[in-house]
Amino acid sequence: MNEEKLFNEFSPVSTETWKEIVIKDLKGADYDKKLVWKTEEGFNVEPFYRVEDLANLDYLNVSPDEFPFVRTTHSKDNSWDIVVKIHETDPTTANAIAHDAIKKGATIITFNATKISTLADVEKLLTNLSLETIGVRFIGATNYVVLFKLFIEYVEKQKIDKTKVSIVLDFDPIIDFAKKEKFFHSQEKDLEQLATLLELSKSFSKAKVVNVSGFSLNNAGATIVQELSYALSTGHEYLNFAINQGFKVDEVAPKMSFTLSVGANYFMEIAKLRAARLLWATIVEQYHPENKNVAKPYLCSVASVWNKTIYDPYVNMLRSTTEGMSAAIGGADAIYLQPFDVAFKEDDEFSRRINRNTQLLLKEEAHFDKVIDPAAGSYYIENLTASIAQQVWQLFLEVEKEGGIIPVISSKKLKEEIAKSCKKRDLELATRRKILLGTNQYPNVNELMFDKIEQRVGEEFSGLPSYKGAAAFENLRLATEQFSAKNYHPKVFLLKVGNASLRQARAEFTINFFGCAGYGIVDNTGFDTVNEGVNAAKEANSNIVVICSSDDEYATLGVEALQLIKKNNPKQLCVIAGNPVDAIEALNAAGADGFIHVKTNVLYTLKEYNKQIGIS
């Protein structure tokens, strides 16, 4: 075999040389401002990475399924469980839905245990389900100790091998405390249930009796770093409590699971799951387990709700697909994708089918389950993993210095820090620095969704309220829909005059801008003279006239159009598309009611126009 390096006849190129060439191509633009990505997680991402950037990463030579498990906990393939969540609370109906889901590819069924209170309920719920081959998760139980005792009674009655039963209980009193700002009973009593569950589950080697819901933190608006740090701190609190109760780390760690969100930031989410395994293994190692394999975290990934939208809902299918890809490449043990219609209704057979089939496509046709840790060795992803781990660990240590996660929740610091992240995200969406397609950019202006929204009764939490990025824009547009149904449909007239290419570009910007509020657009090919445009605007009887031209022509054509329009109707709202700095004073003097451009706060501006039109 030829041991010579490929392309060894080429001289190596240093990083400094690469950077010099990049700076030259920027033609004077600032390298850091133009190419360095400053993430909301608190670190910078370079435009390119090279082999020397991996020099300080000491886990790179570790194989998959070896401590510290950065490279997944899988040793044979990259397979994962396909999770289907059943919201139905009637046990008989839920059982029928579960059987159908299993036939069509699901391998874990999540049941809503709200109404499960007797052995008869459990029997109806689990009838003819093969618990030795299919995993089950329980959410919504009032008392997980009582539920688990009923489950044990059922397993023993059916003579099922306990060592083969895979069960996850969504028992997480600390995150529940963060959401509701109070424990169900008290801190002491709620945590005592953990000890009881650990004792009850000793003969169930595959049982997970506590599940840290990082996903709930993401739902409240937490960043990747916040979600992972607070989730790890919560996991550590449970681990430390159980050990202080006399359990060994080898008994506790395998009984824990983490449910983490996966959002649309493709590579960051891959790196997040890898960092989660690294850090949890590091935490467990401090308790000196006899078997290092107990430091493997069980990770269930749930597609984020934060970026799911009411408008253009089928785009949510694309979002969930990339989120499923991130979770699979990141090495999740189980994956649950949100129904594409999660933002406005309960799922149905169609949306559940899409969820299953998305994952089945990733497995059966794209073969994502065949290659273990395909991201390994990528300079970019390895550095993202290290950067996320560093930031998460720093916040984790800060939480520990304050006495752990419970004091941080009690002092409302966790709530306040997540609220700061929400505020920053809101601003990015309002100014379109962050895009939600179909909501704050490129809306389908003819789409109506108000009548399709199902009024769902859900709990509102005072601590960590559920937060969805699109909500503010959606409320704005839904208000327009309601107003249109009772009164008339607000319209925007495009007065296009002057330079043909620039006026059309600004008209298209305007269509996207006002489409975000659901306004009707009165479009045209443009006008040869200002008089033609003003007359057409008058005939259209629109709520807002937007003048679209070039910066150079606004001082003449724009001023003329404003003067004529205001002369005919002083109350007519007139907006300039663009930011013609040299002409702004003259345009304001002529009666301009506002300017819209790429730096405009879209949400705030549209809210103001809604008020002026009379839409509340």
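The values are calculated or read from the model by the stated rules, or taken from the named source; none is laboratory data. What you see is a predicted model; the values in this text were computed from it and never measured. Using ideal geometry, Cβ is built from the backbone for each residue, glycine included, and neighbour counts are taken over all protein chains shown.
Quick notes on this structure:
- Test for ALA327: is it touching a strand residue (DSSP E or B) at 6+ places or on another chain (Cβ under 7 Å), more than 21 Å from PHE111 (Cα to Cα) and of a type in the set (Gly, Ala, Ser): yes
- Residue in region 308-322 that is in contact with a Phe, Trp or Tyr (Cβ under 6 Å, 6 or more places away or on another chain) and crowded, with 24+ Cβ neighbours inside 10 Å present: yes
- Exactly one residue out of PHE514, PHE509 is at pLDDT 95 or above and crowded, with 19+ Cβ neighbours inside 10 Å: that is PHE514.
- When ALA98 is tested against the conditions (1) closer than 19 Å to ILE167 by Cα; (2) loosely packed, with under 15 Cβ neighbours inside 10 Å, the lone failure is (2).
- Any hit, region 465-479, residues being buried (at least 16 other Cβ atoms within 10 Å of the Cβ), modelled with pLDDT of 95 or more and of a type in the set (Asp, Glu): yes
- When each of LYS538, LYS571 is tested for being surrounded by fewer than 17 Cβ atoms within 10 Å (Cβ to Cβ) and touching a helix residue (DSSP H, G or I) at 6+ places or on another chain (Cβ under 7 Å), the lone residue that passes is LYS538.
- ASN579 without any contact (Cβ under 8 Å) to a residue 60 or more places away in the chain, part of a helix (DSSP H, G or I) and closer than 30 Å to SER421 by Cβ: no
- Looking at region 286-403, the helices (runs of 4 or more DSSP H) lying wholly inside it that each contain 3 or more residues that are within 30 Å of PHE241 (Cα to Cα) sit at 379-401.
- Within region 518-562, the set of residues being assigned to a helix (DSSP H, G or I) and under 41 Å from the mean Cα position of the chain (by Cα) comprises ASP551 only.
- Scanning region 405-416 finds one or more residues that are outside the structural domain of GLN226 (by TED's automatic domain parsing), in contact (Cβ under 8 Å) with a residue 60 or more places away in the chain, buried (at least 17 other Cβ atoms within 10 Å of the Cβ) and not hydrophobic (A, V, I, L, M, F, W, C).
- Restricting region 35-62 to residues that are part of a helix (DSSP H, G or I) and surrounded by 12 or more Cβ atoms within 10 Å (Cβ to Cβ), the residue that is modelled with the highest pLDDT: LEU35
- Residues of region 420-440 classified as in contact (Cβ under 8 Å) with a residue 40 or more places away in the chain and either surrounded by 17 or more Cβ atoms within 10 Å (Cβ to Cβ) or assigned to a loop (DSSP other than H, G, I, E, B) (or both), total: 12
- Helices (runs of 4 or more DSSP H) fully within region 65-175 counting 1 or more residues that are under 30 Å from the mean Cα position of the chain (by Cα) and within 18 Å of SER257 (Cβ to Cβ): 144-157
- Residues that are part of a helix (DSSP H, G or I), among the hydrophobic types (A, V, I, L, M, F, W, C) and surrounded by 20 or more Cβ atoms within 10 Å (Cβ to Cβ) within region 604-616 comprise just one, LEU606.
- Restricted to helices (runs of 4 or more DSSP H) entirely inside region 187-259, those with at least 3 residues that are buried (at least 21 other Cβ atoms within 10 Å of the Cβ) and in contact with a Gly (Cβ under 9 Å, 6 or more places away or on another chain) are 224-244.
- Test result for ALA332, touching a Leu at 6+ places or on another chain (Cβ under 6 Å) and more than 22 Å from ASP100 (Cα to Cα): yes
- When residues of region 61-110 are limited to those that are among the basic types (Lys, Arg) and outside the structural domain of PHE151 (by TED's automatic domain parsing), the one farthest from PRO289 (Cα to Cα): LYS76
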